[in-house]
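The values are calculated or read from the model by the stated rules, or taken from the named source; none is laboratory data. If you're wondering where the values come from, they're calculated on a predicted model, not measured in any experiment. In this analysis, Cβ positions are derived from the backbone assuming ideal geometry, glycine residues included, and neighbour counts consider all displayed protein chains. Just so you know, the surface numbers come from the protein's heavy atoms only, side chains and all, with ligands and any DNA or RNA stripped out. Shrake-Rupley method; radii C 1.70, N 1.55, O 1.52, S 1.80 Å.
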Amino acid sequence: ARQWGHERLLFRVIVLGDAAVGKSSLLRCFTDRPGGGPGGTAMPGPTVGVEFYSRTILMPPTGKAKLQLWDTAGQERFRSITKSFYRSAAGVLLVFDLTNRASFEHVPEWYHEAAGDRLPAFVLVGHKCDLVDERAVSAEEAGHLAATLGMAFVETSAHSNLNVELAFQTLAGGIQQAL
Ligand code: GDP
C-alpha cells in the first residue's frame, strides 16, 4: 500500500456522457474556488483536443491530491474520443441528465467505451436535479443501474451547487481505494 503522509498525488479524471448533460458546468462549478481553475488545452491522443481544469482536494486522513479534470470539449458528439484518452484516466465521472431519458439509456455504452482492460474508478452522476418537475429518471432506477455497473450514484446540480463536491470526493475515494 502507498504511504499517504504529506505526499501530493496527481490523478487524471475524465468527465463523460452525452452532449449537453452538463459536464462543463459541473467542472466549472467544482473548480471555481481556491485550489481550482482552468488548466488549458491538451492533446492526449491523435484526434482529440480536450479542455482541462484542475483542483486540489483533501484526501483523508492526511493527504492532498491534485485532480486534473478533462472535458471532452464537444468531441462526444462525434464519438471521436480515442482509446488513449480513456486509458490515461484514473477515474471517470459518468454523467447523464435526469431530465433526459436518452442520456440515461446511453450510460452503459459510455461505460463499456471507457472500461478497457485496466478499469478506472467510476461514479455515476444524475445531473440537473434542480429541475424537479422535468425529471425523467427516478433515483431508484439510476441507483439500480449504478449498482449493476459496480459504482456509486450521486445526484447533482451545478445551478444549485448541490452535491458537486460530493460527486468528485466520492470519485477520489474510489481512486484511492483502487491504488
Ligand atoms: P456539456 O455539453 O455536457 O458540457 O453541457 P453544458 O455544461 O454545456 O450544459 C448544457 C446545458 O445544461 C446548458 O444550457 C447549461 O446551462 C445547462 N445546465 C448545466 N448544468 C445544469 C444544472 O445543474 N441545472 C440546470 N437546470 N441546467 C444545467
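Summary table
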read-out	value
Out of 38, 44, 60, sole residue that is at pLDDT below 90 and touching a helix residue (DSSP H, G or I) at 6+ places or on another chain (Cβ under 6 Å)	44
Residue that is modelled with the lowest pLDDT, among those in the stretch 63-74 that are open to solvent by less than 40 Å² (accessible area, probe 1.4 Å) and within 16 Å of the ligand (Cβ to nearest atom)	74
Residue selected from the stretch 85-117 under the condition of a type outside the set (Gly, Ala, Ser) and assigned to a loop (DSSP other than H, G, I, E, B), by the criterion most open to solvent (accessible area, probe 1.4 Å)	117
Selection count, the stretch 140-177, where residues are under 15 Å from residue 96 (Cβ atoms), open to solvent by 50 Å² or more (accessible area, probe 1.4 Å), within 16 Å of the ligand (Cβ to nearest atom) and in a helix (DSSP H, G or I)	0
Filter result for the condition that a residue is touching a Cys at 6+ places or on another chain (Cβ under 8 Å), touching a residue at least 40 places away in the same chain (Cβ under 8 Å) and within 26 Å of residue 56 (Cβ to Cβ), over 167, 158	158
